[in-house]
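Taking it in order: structure first as structure tokens, then the write-up.
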Amino acid sequence: MPKKASFTAFSSHGILPHPLFARVEGCTLTTKDKVRQCIYPAIAARYGKPVTDKTKLGNGGLGLDDITIRTDLYATTVIAVHNAGCKLRSFSPDDIAQCKTAGDITDGIWADLSAA
Amino acid sequence: MKVLVPTIILALCPLTLFSQGANASSKEFRNRAEQAARQELADAIKKQDWAKVKEAADELQQLQGVDKAAAKPAETNLFDMLKRSGFSLSRSPDEEKKGALFAFTQDRRANTDAVFNADFYLKWQPKPVLFQQIYDKYAVFDTLAISVQGVLTSADDKATDAWRFRLENTFFTRTADNNAWFDGLVATLSAKDESDRDFRSDRIGAELWLTFNSRKAYIGQYSGDENSLFQFRWRPYVGIDVGGTVSDEPLPGTPTSNTWLMARGRADLRFTFLLKALHFSDFTAYIDNKYVYLCEADKSRNYLDTGLDLEFNDNVGFTLQYTIGEDSPKFVREQMFKGGLTVKF
């Protein structure tokens, strides 16, 4: 059972009351495979289609248009990662808009989590 | 005025230079991730699952070499370098997966000059400032972006020519219920400078577009699957544009109006059954209609854009486009048929 993210009301220096600066403990997505197991079920449940590394986000796969990829799919992915106790640092709607497949999203999220 | 707008845009750039919060202990996380990758590697070797062995080895290498990798630029070509710097090139703001169009035509028999056409949307969005709220419902303010859109032709008839410079921001929400009819709202607010090809007719103002996502109504997601004969999706928009015209010459088709109310609808039809037979990456027909009501002048303008998009692979394609009606900024009537190669990255 993944440990839930714990959000505090204030940042570590106590000035900015925003989840953006929240502390996150116990990120459970310590391998790329765990990232996959975290986000693919969430995407599949949202869009009603099975998801693998090779599933295309747009035409020929989930069939999403660019606005849905940039907004709804992005939010679906980020919420799944947050629910696994992890905080993404720089993975943005623009990054997901550049992804062609679900595997690209996994790579992008893993690169963000494992960055120094 | 030509200098003022870019200056304002550049002055606002530092606003985007915040950074997102990091995980509480990145080093601690990487230590745990290294342990997990070692364990995964050992398990994969035991099971003789060589694909997993490769992935675990890559992860381990990535985690151990991340500091070295961070010190070295990883760009391999110009497109990658531009992409990593936050640049993107596509045909128009809502068609990021469609290539910018660069085309030319020449009537050899009549010995006329070649006519060049370009439809492109070049955007720069620096690494993100996301203001996210994650509760039962989810809302995001995306990073500010700067863009230039060109709909240009070298032909004498300059009715369709337009430059659009924008400082834009998107706000969106997501509902948690996977079975709802309403999935979320998408709002895009832009400060905009719109002009003709020669920058003789300028309109400066603000533009707001609203749309929403709904999988059940096929808004934003295709119906059916790869086994269907056709797939269909659509998207409605409403918008408002408030601004003023700063022109060296009068605009022939634009009665003075500071407020425009706008409605737009787009529908895509994908010929799934043809893709397997022809072995193309994609083949779609689209229709996109924009209606503008000029409030003070009590006039309306309509612009229809329809066509076929054929994609040979992920980067190169071919498009046929037919447009009729009056589009901003001049709202001069046009009727055009275009064909050309498309490129995207």
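The values are calculated or read from the model by the stated rules, or taken from the named source; none is laboratory data. Computed from a prediction, not measured in an experiment: that's the story for all the values here. Ideal geometry is used to build each Cβ from the backbone, glycine not excepted, and the neighbour counts take in all protein chains shown. The area values use the complete protein model at the heavy-atom level, side chains included, leaving out ligands, DNA and RNA. Shrake-Rupley method; radii C 1.70, N 1.55, O 1.52, S 1.80 Å.
With respect to (1) farther than 30 Å from B:Ala103 by Cα; (2) of a type outside the set (Asp, Glu); (3) surrounded by fewer than 16 Cβ atoms within 10 Å (Cβ to Cβ), the lone exception for B:Ser154 is condition (1).
The test for being under 18 Å from A:Thr76 (Cα atoms), more than 18 Å from the chain's Cα centre (by Cα) and facing chain A (nearest Cβ under 10 Å) does not hold for B:Gly224.
A:Ile69 meets the conditions (1) in a loop (DSSP other than H, G, I, E, B); (2) within 24 Å of B:Glu168 (Cα to Cα); (3) more than 7 Å from chain B (Cβ to nearest Cβ) in every case but one. The failed one is (1).
Being open to solvent by 30 Å² or more (accessible area, probe 1.4 Å) and outside any strand (DSSP E or B) holds for only one residue in B:Ala263, B:Ala277, and it is B:Ala277. Give the residue that is farthest from the other protein chains (Cβ to nearest Cβ), with candidates limited to residues of the range B:166-216 that are of a type in the set (Lys, Arg) and within 17 Å of the chain's Cα centre (by Cα). Going through the qualifying residues, I end up with B:Lys192.
Within the range B:284-311, being crowded, with 19+ Cβ neighbours inside 10 Å and of a type in the set (Phe, Trp, Tyr) holds for B:Tyr286, B:Tyr303. With respect to the conditions (1) at the interface with chain B (Cβ under 8 Å from one of its Cβ atoms); (2) at pLDDT 85 or above; (3) over 19 Å from B:Tyr222 (Cβ atoms); (4) surrounded by fewer than 22 Cβ atoms within 10 Å (Cβ to Cβ), A:Ala116 lacks only one, and its number is (2). Residues of the range A:72-85 that are open to solvent by less than 10 Å² (accessible area, probe 1.4 Å), more than 8 Å from chain B (Cβ to nearest Cβ) and part of a helix (DSSP H, G or I): A:Leu73, A:Thr77, A:Val81. If B:Gln321 meets every condition in (1) in a loop (DSSP other than H, G, I, E, B); (2) of a type in the set (S, T, N, Q); (3) more than 13 Å from every other protein chain (Cβ to nearest Cβ) apart from one, which number is that one? Failing condition for B:Gln321: (1). For the range B:301-318, a tally of residues being closer than 16 Å to B:Ala285 by Cα and assigned to a strand (DSSP E or B) returns 10. Close Cβ contacts (under 6 Å, 6 or more residues apart or on different chains) running from residues in the range A:86-112 that are away from chain B (no Cβ under 11 Å) and open to solvent by 10 Å² or more (accessible area, probe 1.4 Å) to residues that are at pLDDT below 90 and outside any loop (DSSP other than H, G, I, E, B) comprise A:Gly108/A:Asp95. Checked against (1) crowded, with 16+ Cβ neighbours inside 10 Å; (2) under 18 Å from A:Ile43 (Cβ atoms), B:Asn179 meets all criteria but (1).
Of everything listed in (1) at pLDDT below 80; (2) in a strand (DSSP E or B), the single unmet condition for B:Gly339 is (1).
Residues in the range B:192-209 include none that are in contact with a helix residue (DSSP H, G or I) (Cβ under 8 Å, 6 or more places away or on another chain) and modelled with pLDDT of 90 or more.
Of all the residues in the range B:46-66, those that are open to solvent by less than 90 Å² (accessible area, probe 1.4 Å), free of Cβ contacts under 8 Å to residues at least 24 places away in the same chain and either of a type in the set (A, V, I, L, M) or assigned to a loop (DSSP other than H, G, I, E, B) (or both) number 6.
Within the range B:70-93, residues that are modelled with pLDDT of 75 or more reach partners that are open to solvent by 80 Å² or more (accessible area, probe 1.4 Å) with beta carbons closer than 7 Å, at six or more positions or on different chains, in the pairs B:Gly86/B:Lys127. Of all residues in the range A:26-49, those that are at the interface with another protein chain (Cβ under 7 Å from one of its Cβ atoms) and farther than 23 Å from B:Arg30 by Cα have Cβ atoms under 7 Å from Cβ atoms of residues that are of a type in the set (S, T, N, Q) and not in a helix (DSSP H, G or I), 6 or more apart or on another chain, in A:Ala45/B:Asn178; A:Arg46/B:Asn178; A:Tyr47/B:Gln221.
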